[in-house]
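Here is the structure we will look at, set down as structure tokens.
The values are calculated or read from the model by the stated rules, or taken from the named source; none is laboratory data. Owing to the predicted nature of the structure, the values given are computational and were not obtained by experimental measurement. Methodologically, a virtual Cβ is constructed for each residue, glycine included, from the backbone with ideal geometry; neighbour enumeration extends over all protein chains shown. Side chains included, ligands, DNA and RNA excluded: accessible areas come from the protein's heavy atoms. Shrake-Rupley method; radii C 1.70, N 1.55, O 1.52, S 1.80 Å.
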Amino acid sequence: MQKFACRGQTALALLIACCLVLGTTTVAGADAEIDDFDDGIVEDVQEESADVAGEELVYESPVIEPRKFHFADHFDDVEASRKQWVHSQAKKDDIAEEIAKYDGIWNWESPQRIVWPKDKGLVLKSKAKHAAISSRLIKQFDFKSKKPLVVQYEVTMQEGQECGGSYIKLLSAGKETDDLTTFNDKTPYTIMFGPDKCGNDVKMHFIFRHVNPINGTITEKHCNKPKNRLEEPFKDKLPHLYQLVVRPDNSFEIRLDHKIINEGSLLTDFKPAVNPPAEIDDPADQKPADWDEREKIPDPSSQKPDDWNDDALPQIPDVTAVMPDGWLEDEPDMIADPTAEKPEDWDTEIDGEWEAPLVDNPACEKAPGCGKWQAPHIPNPEYKGKWRAPMIENPNYQGKWAPRKIANPDFFEDLMPFQMTPISAVGLELWSMSNEILFDNLIITDDVDVARDFAANSFDIKRRYIDKESKTLWHRMMRHMNYKPGWWALYFLYLLIPASCYVFYLYRRAKEDSAASAAAAQAKKTDEPQPDDENEPAGEEDESEEDSSAQVAGESSSSSPKKNKKSDLDNKEQAKQEENSDEPTQTEESTTKSTRKRTVRKD
């Protein structure tokens, strides 16, 4: 059994090694495929400094210099941050009264996965509730300053996310945003930015509200979707950094963890487009009644052949067929079941007249068939289908009709959509089916380098610490599984099949060895003569028998010393015989293995 245990441990070790090697190979292959897929996408990745061996990563709240920021809050100073943010007291006016209130709960607290106790965040504690909170900017952002707008913040889905958003709104300056307690879904905003997910629909919002320079109407412009899917931040429960940069030349960049995931122009990469078309279809123009749009028409000179029969059937009965012998025309295919009985609870008035269910007619089992015989159908050689005249080019074809174009009365050309409505506040107006969504290190600035330095002292050091502390086997496996362990469990069971067969083979061998050992042990307990072990060398066998004989002799001499003790006369006679004998003294031991006699060495 010890052999079996040892072999079982070996097999288990081999199984784990195979799973790790194959899993790593599979994941490496998958990562290679992803890298190949992303080759066509330009990414600007901030280089991460390598951790020095033994380096201690320490977090300190980033320093906020008001002159560098339009808004900044790392939420570490809970008392000061609470005074800065305003809870909404408004109600939504397009839903039921019981769920219209913005009663979602916000709190300032450390992450569930505490890295440093001093690092705090703004956490949405409730789910399936409307929640809104906002804060005034340190200084208003005016797009006419010809400086870029940089928005950056962290989000941690501490419980994952199935349906809900974690985006922010940059509220427009004006009387509607003077009182932040009235902040709701209809409060005018200039830009909405951030992640959103519901089921398989994953979005990275970048929406800006454009003001028509002619009539003053406002239209939402939605950025085109990124090429890559962005599901990992909703599953891995790790902090992620979102950054939006909008430049005065109308270009924009969206980054996730310093990697560019979308970029383009405000003029060309939004729907609907910022500028309307210069010409539109004339709504008063109508297609003439005699306009001919047919490219081809039936040949009017073509005539149907005289022998063409439009009424011919595709198939007709075979007139040469004969009813098989033994066909029972008088017997129906199905008959009422003679063994059926009307149920006792059958009510004729409610259920109608009872009829026995139909079963196959037993009389038809041995016959070629029952019922009225009909000849089988065969293809009709005269069938040609409906006759149609061949098509020819239409001599009167005038082309596809389209209404004439007229100048668009609402046309305008805004070549600077960057000059949006000024921003005076920032807000979070959310509804989510997941709670414990943590927001951190929210800043608005006009300098990309300032935002990058802020991230280096907050997000970057935090992720480096988490990555360093979480390099465990389970975490790496979950990350490689894309946080879908069910598929890898199936893969593990697949690998377990050959390992189980091998363990079963070792068990059978161990069981056979154990049975053989038990049989040998049982044989030694009996007095029955046993054949010598053929595989054992003769020298070893003689030595073992000699030792056993000596042991027995020793026991005998110790038990009866008087019998083994010889007199002096006997010793003299024995010595005399040895001197007179020409042959050397031999022990009385035969050369065969069946019986042996040996002299006992005297002490």
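Residue count for the range 466-495 satisfying the condition of being surrounded by 14 or more Cβ atoms within 10 Å (Cβ to Cβ) and at pLDDT 80 or above: 1. Here Ala375, Ala340 are screened, and the one residue that is open to solvent by less than 80 Å² (accessible area, probe 1.4 Å) and either touching a strand residue (DSSP E or B) at 6+ places or on another chain (Cβ under 7 Å) or in contact (Cβ under 8 Å) with a residue 40 or more places away in the chain (or both) is Ala375.
Considering only residues of the range 114-133 that are exposed (fewer than 14 other Cβ atoms within 10 Å of the Cβ) and either among the hydroxyl-bearing types (Ser, Thr, Tyr) or within 31 Å of the chain's Cα centre (by Cα) (or both), which is modelled with the highest pLDDT? Before you say what the answer is, go through the steps one by one.
We begin by selecting, within the range 114-133, every residue exposed (fewer than 14 other Cβ atoms within 10 Å of the Cβ); these are 114, 117-118, 128.
Filter once more, so that each one left must be either among the hydroxyl-bearing types (Ser, Thr, Tyr) or within 31 Å of the chain's Cα centre (by Cα) (or both): 114, 128.
On the way: Ile114: 77, Ala128: 88.
Looking at residues that are exposed (fewer than 14 other Cβ atoms within 10 Å of the Cβ) and either among the hydroxyl-bearing types (Ser, Thr, Tyr) or within 31 Å of the chain's Cα centre (by Cα) (or both), I get Ala128.
Find all pairs meeting these conditions: Cβ atoms under 9 angstrom apart; at least six residues apart or on different chains; first residue within the range 293-320 and farther than 18 Å from Ile378 by Cβ; second residue open to solvent by 70 Å² or more (accessible area, probe 1.4 Å) and part of a strand (DSSP E or B). Listed by first residue and then by second, the contacts come to Glu295/Glu393; Lys296/Met391; Lys296/Glu393; Ile297/Met391; Ile297/Glu393; Pro298/Met391; Asp299/Met391. Among the residues making up the range 348-372, those that are in contact with a strand residue (DSSP E or B) (Cβ under 7 Å, 6 or more places away or on another chain) and in a helix (DSSP H, G or I) are Ala363, Cys364. Filtering the range 134-157 to residues that are in a loop (DSSP other than H, G, I, E, B) and touching an Asp or Glu at 6+ places or on another chain (Cβ under 9 Å) leaves Lys147, Pro148. For the range 248-268, what are the residues that are charged (D, E, K, R), surrounded by 17 or more Cβ atoms within 10 Å (Cβ to Cβ) and outside any strand (DSSP E or B)? Listed by number, the list holds a single entry, Asp257. Residues being out of contact with any helix residue (DSSP H, G or I) (no Cβ under 9 Å at 6 or more places or on another chain), in a loop (DSSP other than H, G, I, E, B) and either closer than 30 Å to Asp330 by Cα or of a type in the set (Gly, Ala, Ser) (or both) are represented in the range 380-396 by at least one member.
For Trp85, state whether it is in contact with a Leu (Cβ under 7 Å, 6 or more places away or on another chain), modelled with pLDDT of 95 or more and more than 18 Å from Asn457 (Cα to Cα). Answer is no for this residue.
Screening Leu328, Leu428, Leu415 for residues that are under 30 Å from Lys144 (Cα atoms) and open to solvent by less than 70 Å² (accessible area, probe 1.4 Å) leaves exactly one candidate, Leu428.
For the range 281-296, a tally of residues being over 53 Å from the mean Cα position of the chain (by Cα) and either open to solvent by less than 90 Å² (accessible area, probe 1.4 Å) or closer than 30 Å to Phe412 by Cβ (or both) returns 6.
What number of residues within the range 234-256 are of a type in the set (D, E, K, R) and at pLDDT 95 or above?
Here is the first cut: in the range 234-256, the ones of a type in the set (D, E, K, R) are 235-237, 247, 249, 253, 255.
If we keep only those that are at pLDDT 95 or above too, we end up with 247, 249, 253, 255.
Going through the range 234-256 one residue at a time, the tally reaches 4.
Listed conditions (1) of a type in the set (D, E, K, R); (2) open to solvent by 60 Å² or more (accessible area, probe 1.4 Å); (3) in contact with a Pro (Cβ under 8 Å, 6 or more places away or on another chain) are all met by Asp299, apart from (2). Confirm whether Pro276 is touching a residue at least 24 places away in the same chain (Cβ under 8 Å) and within 30 Å of Phe206 (Cα to Cα). So Pro276 passes the test.
Scan the range 78-133 residue by residue and report those that are assigned to a loop (DSSP other than H, G, I, E, B) and polar (S, T, N, Q). Outline the logic, then answer.
Kept after step one, since they are assigned to a loop (DSSP other than H, G, I, E, B), are these residues of the range 78-133: 88-90, 92-96, 100, 102-105, 110-120, 125-128.
Hits for the range 78-133 are Ser88, Gln89, Ser110, Gln112, Ser126.
Being surrounded by 11 or more Cβ atoms within 10 Å (Cβ to Cβ) and either at pLDDT 95 or above or touching a Leu at 6+ places or on another chain (Cβ under 8 Å) (or both) holds for only one residue in Ala312, Ala273, Ala278, and it is Ala273. When the range 355-375 is filtered for residues that are more than 57 Å from the chain's Cα centre (by Cα) and not polar (S, T, N, Q), the ones remaining, listed by number, are Pro362, Ala363, Cys364, Lys366, Ala367, Pro368, Gly369, Cys370, Gly371, Lys372, Trp373, Ala375.
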